[in-house]
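Undergrad: One structure coming up, written as structure tokens, with questions to follow.
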Amino acid sequence: MSNPNFRSGYAAFIGRPNAGKSTLLNRLVGEKIAAVSNKPQTTRHKIQGIVTSENGQIVFVDTPGVHKPGYLLNRRMMSAVHDAILSVDVLVLMRDASVSTGNGDKFVLELIKESEKTAILVLNKIDKIREKHELLPLIEYYSKEYEFAEIIPISALKGEAVDNLLRQITKHLPEGEPIFSEDELTDQPLRVLVAEMVREQILATTGDEIPYVTAVVTEKYDESDPSVTKIYCAIYVERDSQKGIIIGKGGIKLKKIGTEARVDIEKILNKKVFLQLFVKVVADWRNKEQNLDDIGIRE
Ligand SMILES: Nc1nc2c(ncn2[C@@H]2O[C@H](COP(=O)(O)OP(=O)(O)OP(=O)(O)O)[C@@H](O)[C@H]2O)c(=O)[nH]1
Ligand SMILES: [Mg+2]
């Protein structure tokens, strides 16, 4: 890098489920690397997305939405959040500005306060807000609670004001060389990216209960044929009845999930893909160390 003032470092998105953290990550990176859905607790592990510009390199750390942990799965999700808070240079508190402040928001704010770190407040989903002045009470509330380095209203979905956000975050990073090479977009292994794309389609095609009891693991990734990558993914559920829901009548739902996920995966790999999905019933996987390790949700 020829720029002597080049800055580089880590910035973590912290916020409640559904705030739009993964939507913003995908938007900034310019590729779909994290699953997005309208269901809470979509993100289950830390996902890094890398954005390199002339002036700096930001390694974004997407984290699971902050929630009360019930299962071992949820405890591991929350330790991913705490871990990210401790390890990054800048915290980005993501807040859905279109909903009123609840206890969950206060809890997230406490995490930021305890960290005493440089933090930027991002008020997301402004496309849902009619008049900009409606944001003022929210801005006032947060400014009283913590000395945010910046407060930036954006729409992650529409891409509104995200360039400004990049500039502002870069400003608060230490001077230094890039951490990753310029063309790298994520630290996620392809196997994990693929599983994430499949899970996104499961979330999109099933009702309220299924998302929580489902996990996806890439069990085989075969590149021996140069013309087509063959990928085999296991979908974990906890009960036979859930297996039935995912497969659907005559297999129609599983087929739809597979077809749509394959389109996303081919986009990322830039290659023809054969994707085979199968459903495994694993009772209580959300409480089992070994299953969680296999799924890639590590302590
Ligand atoms: N209208 C609107 N919707 C948005 C915006 N950003 C995200 N969303 C929607 O909000 C929902 C949640 O988005 P995600 O990116 O999955 O949220 P998240 O914070 O990563 O959620 P978890 O992973 O569960 O913590 C999705 O339906 C998105 O399409 C936005 O700027 N405007
Ligand atoms: Mg997410």
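The values are calculated or read from the model by the stated rules, or taken from the named source; none is laboratory data. Just so it is clear, the structure is predicted and the values come from calculations on it, not from any experiment. A quick note on method: Cβ atoms are made from the backbone with ideal geometry, for glycine too, and the neighbour counts reach across all protein chains shown. These accessible areas exclude ligands, DNA and RNA; they are computed on the full protein's heavy atoms, side chains included. Shrake-Rupley method; radii C 1.70, N 1.55, O 1.52, S 1.80 Å.
Undergrad: Taking Val198 as the residue in question, decide whether it is touching a helix residue (DSSP H, G or I) at 6+ places or on another chain (Cβ under 7 Å), open to solvent by less than 30 Å² (accessible area, probe 1.4 Å) and not assigned by TED's automatic domain parsing to the domain that holds Glu54. Even if it seems obvious, please write down each step before you answer.
TA: On the way: touching a helix residue (DSSP H, G or I) at 6+ places or on another chain (Cβ under 7 Å): yes; open to solvent by less than 30 Å² (accessible area, probe 1.4 Å): yes; not assigned by TED's automatic domain parsing to the domain that holds Glu54: yes.
For Val198, the condition - touching a helix residue (DSSP H, G or I) at 6+ places or on another chain (Cβ under 7 Å), open to solvent by less than 30 Å² (accessible area, probe 1.4 Å) and not assigned by TED's automatic domain parsing to the domain that holds Glu54 - is met.
Undergrad: In segment 9-27, how many residues are surrounded by 21 or more Cβ atoms within 10 Å (Cβ to Cβ) and either over 20 Å from Pro153 (Cβ atoms) or hydrophobic (A, V, I, L, M, F, W, C) (or both)?
TA: Result for segment 9-27: 7.
Undergrad: Scan segment 28-54 for residues that are closer than 19 Å to Ala204 by Cα, more than 9 Å from ligand 2 (Cβ to nearest atom) and of a type in the set (D, E, K, R) and report the count.
TA: 3
Undergrad: In segment 157-187, what count of residues is obtained for those that are closer than 21 Å to Ile112 by Cα and either under 20 Å from the mean Cα position of the chain (by Cα) or open to solvent by 40 Å² or more (accessible area, probe 1.4 Å) (or both)? First the steps, then the outcome.
TA: If we filter segment 157-187 for residues that are closer than 21 Å to Ile112 by Cα, which is where we start, we get 165-166, 168-174.
Those still in the list that are either under 20 Å from the mean Cα position of the chain (by Cα) or open to solvent by 40 Å² or more (accessible area, probe 1.4 Å) (or both) too: 165-166, 169, 171-172, 174.
Qualifying residue count for the region: 6.
Undergrad: Scan segment 219-232 and tell me whether some residue there is in a helix (DSSP H, G or I) and not basic (Lys, Arg).
TA: Here is the first cut: in segment 219-232, the ones in a helix (DSSP H, G or I) are none.
No, segment 219-232 contains no residue that is in a helix (DSSP H, G or I) and not basic (Lys, Arg).
Undergrad: Right, here's the next one. Give the number of residues within segment 195-218 that are outside any helix (DSSP H, G or I) and either among the small types (Gly, Ala, Ser) or modelled with pLDDT of 95 or more (or both).
TA: Going through segment 195-218, the residues outside any helix (DSSP H, G or I) turn out to be 206-209, 214-218.
Still in the list and also either among the small types (Gly, Ala, Ser) or modelled with pLDDT of 95 or more (or both): 207, 214-218.
The number of residues fulfilling the criteria is 6.
Undergrad: What number of residues within segment 31-50 are more than 6 Å from ligand 1 (Cβ to nearest atom), closer than 19 Å to Leu73 by Cα and either of a type in the set (Ser, Thr, Tyr) or touching a Leu at 6+ places or on another chain (Cβ under 8 Å) (or both)?
TA: So in segment 31-50, the residues more than 6 Å from ligand 1 (Cβ to nearest atom) come out as 31-35, 39, 44-50.
Okay, now just the ones that are also closer than 19 Å to Leu73 by Cα, so 34-35, 39, 44-47.
Of the ones still in play, those that are also either of a type in the set (Ser, Thr, Tyr) or touching a Leu at 6+ places or on another chain (Cβ under 8 Å) (or both) are 34-35, 39, 44, 47.
So the answer is 5.
Undergrad: Now a separate question. Could you list, in sequence order, all residues of segment 127-151 that are open to solvent by 10 Å² or more (accessible area, probe 1.4 Å) and either on the phi > 0 side of the Ramachandran plot or among the aliphatic types (A, V, I, L, M) (or both)?
TA: Our first condition is that a residue be open to solvent by 10 Å² or more (accessible area, probe 1.4 Å); within segment 127-151, this holds for 127-134, 136-141, 143-151.
Residues satisfying the conditions are Ile129, Leu136, Leu138, Ile139, Ala149, Ile151.
Undergrad: On to the next question. Name, by its number, the condition in (1) open to solvent by 10 Å² or more (accessible area, probe 1.4 Å); (2) more than 24 Å from Lys288 (Cα to Cα); (3) more than 16 Å from ligand 2 (Cβ to nearest atom) that does not hold for Gly70.
TA: Only one criterion is unmet by Gly70, namely (2).
Undergrad: Something else about it: Test Asp89 against the stated conditions and say whether it is acidic (Asp, Glu), buried (at least 16 other Cβ atoms within 10 Å of the Cβ) and within 12 Å of ligand 1 (Cβ to nearest atom). Even if it seems obvious, please write down each step before you answer.
TA: Details: acidic (Asp, Glu): yes; buried (at least 16 other Cβ atoms within 10 Å of the Cβ): yes; within 12 Å of ligand 1 (Cβ to nearest atom): no.
No, not satisfied.
Undergrad: So, in segment 35-53, how many residues would count as being farther than 9 Å from Pro17 by Cα and in a loop (DSSP other than H, G, I, E, B)? Before the answer, list the steps.
TA: Step one: filter segment 35-53 for residues farther than 9 Å from Pro17 by Cα, giving 35-38, 44-53.
Filter once more, keeping what is in a loop (DSSP other than H, G, I, E, B): 35-38, 44-46, 53.
The number of residues fulfilling the criteria is 8.
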